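One structure is given here, and the rest of the page talks about it.
The values are calculated or read from the model by the stated rules, or taken from the named source; none is laboratory data. Since we're looking at a predicted model, the values are computed, not measured. So basically every Cβ, Gly included, is an ideal-geometry build from the backbone, and we count neighbours across all protein chains shown. Just the protein is used for accessible areas: all its heavy atoms, side chains included, with ligands, DNA and RNA removed. Shrake-Rupley method; radii C 1.70, N 1.55, O 1.52, S 1.80 Å.
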Amino acid sequence: MRSFRRIFLDYYLHKHSKLINGNVFDIGGEKFNKRGKFNLNKFNVNCIYVNNNPDTKPDIIADISKINLSSNVADTLVVTETLEYVNDINLALKELKRISKKNGYLLISIPLLNSIHGDKDKDSARYTESFLYSIFKRYNFKIINFYRMGGLGSVIFDLIRSHLVLRKRKIFLRLLYIFYYFFVLVDMLTKFSREYINTGYFVVLQNNE
């Protein structure tokens, strides 16, 4: 049973899947045991997985701030639910820009009002919309699309879901999903507040240099 955030993430990845072509690098993702329904392995592309955790069996073991790759090699970079783990987002973006080709695309997601991830000792940061706009422009990325992922209903649902998962309350978790469409309705009725209340962001960037 997926969270609202995961549903939004799958949706936006599919929505922009036409940008996934050529040499594709999934930075921080896992080749196997994927959580969502979106699967890069099903695309007819050369997809390289980069992760600093050898247990995920990546093609390249490396930290996002220092990747053992030549410059200008990536047509598309997929960086989902990863930037919240880095100690210095400036170093991460500088490295992503270095390995991205001119006019290459970056598909990025990052949480905001979302529970700390299961690997809580490594989940270290949350960033606001204004900060992200500022730092993407600092590195001369063109912002193609900037989406707020869900609203009040999504935030409340996902926080309750996280609590029930942590407490292993399977029965209550099933009951929560009975009210799924109630939270969808809350999201629809509170669209005006998404600028301030959302689960996080999905951003499509292009490297202008």
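Pairs from the list K37/K170; K102/K137; K57/K170; K18/K42; K122/K170 with a Cα-Cα gap above 20 Å: K37/K170; K57/K170; K122/K170. Round to a whole number: what % of the accessible area of the chain belongs to carbon and sulfur, probe 1.4 Å? Carbon and sulfur atoms account for 54 percent of the accessible area of the chain. Could you tell me whether the chain comes out rounded, prolate or oblate from its Cα gyration tensor? Rule is a ≥ b ≥ c as square roots of the eigenvalues, rounded for a/c under 1.5, then prolate if a/b exceeds b/c, otherwise oblate. Verdict is prolate for the chain. Placing pseudo-labels 7 Å out from each Cα toward the beta carbon at N68 and F172 gives an inter-label distance of 4.7 nm. Electrostatic bookkeeping for I178 treats Lys and Arg as +1 and Asp and Glu as -1; over the other residues with beta carbon under 15 Å from its beta carbon, the sum is +4. Long hydrophobic helices in the chain, taken as whole DSSP H segments with a C-alpha length of 18 Å or more on their own axis and mean Kyte-Doolittle hydropathy at least 0.5: 152-166.
If you take the square roots of the eigenvalues of the alpha-carbon gyration tensor of segment 1-116 and sort them as a ≥ b ≥ c, do you get rounded (a/c under 1.5), prolate (a/b over b/c) or oblate? Here segment 1-116 falls in the rounded category.
The relative contact order of segment 1-94 comes to 31 percent, based on Cα pairs under 8 Å that sit 6 or more residues apart. When the residues T80, T128 are ordered by accessible surface, computed with a 1.4 Å probe over the protein chains alone, the sequence from largest down reads T128, T80. Normalising the average separation of contacting C-alpha pairs (under 8 angstrom, six or more residues apart) by the number of residues puts the relative contact order of segment 114-209 at 47 percent.
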